[in-house]
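J.: If you scroll down you'll find the structure; I have some questions about it.
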Amino acid sequence: MTSATHPTDRPEDHAPVDPAATDAPHRTSETAMERLTSIRGTIDNIDAALIHLLAERFKATQRVGKLKAENDLPPSDPEREKAQIQRLRSLAEAAHLDPEFAEKFLTFIISEVIRHHEAISEDHQRGHDA
Ligand SMILES: O=C(O)C(=O)C[C@]1(C(=O)O)C=C[C@@H](O)C=C1
């Protein structure tokens, strides 16, 4: 088997390569402050991407919240959450990210989503009771 087709060579199995994170010889002429600034540029780009991804995720979950309220479905789905946690823990392991952190992060986001679902459901009920 060639290395390109090896199952562990999928790009998603590796942490993204940050060229500013290495101590390659060609970078030794840079000062520590220049390197710090360069790495912080990468961090700022990643933080921006995370915000955009979270905004898209919350737009999708707002649609789920409305669908659930209109169809009398409960705000939370523990079985779905169990599957999501298992999936993200294994993705985290493959990406060399702490799976405990990945689980806490997902649980934190989902608890906020459930709060939104409950608010949508209460609004929906109020609309029907009025
Ligand atoms: O998939 C759902 O049923 C959702 O409401 C979305 C979501 C999530 O944020 O991923 C939120 C709450 C549920 O307990 C499970 C998953």
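J.: Which log10 I(q)/I(0) values, to two decimals, does segment 28-129 give at q = 0.12 Å⁻¹ under the Debye formula with one point per Cα?
T.: -0.58
J.: Efficiency by 1/(1 + (r/R0)^6): what FRET value for E30 and I51, r their Cβ-Cβ distance, R0 = 25 Å, to the nearest 0.05?
T.: Once rounded, the FRET efficiency stands at 0.30.
J.: So how far, in whole Å, is the C-alpha centre of segment 55-75 from the one of segment 83-130?
T.: After rounding, the separation between the Cα centres reads 12 Å.
J.: Can you sort S38, S90, S121, S29 by how many other beta carbons sit within 10 Å, fewest first?
T.: S29, S90, S38, S121
Read-outs throughout are calculated quantities, based only on the coordinates presented, and are distinct from any laboratory measurement. Everything numeric here is computed off the predicted structure, so don't read it as measured data. Glycine gets a Cβ as well: all are built from the backbone with ideal geometry, and neighbour counts include every protein chain shown.
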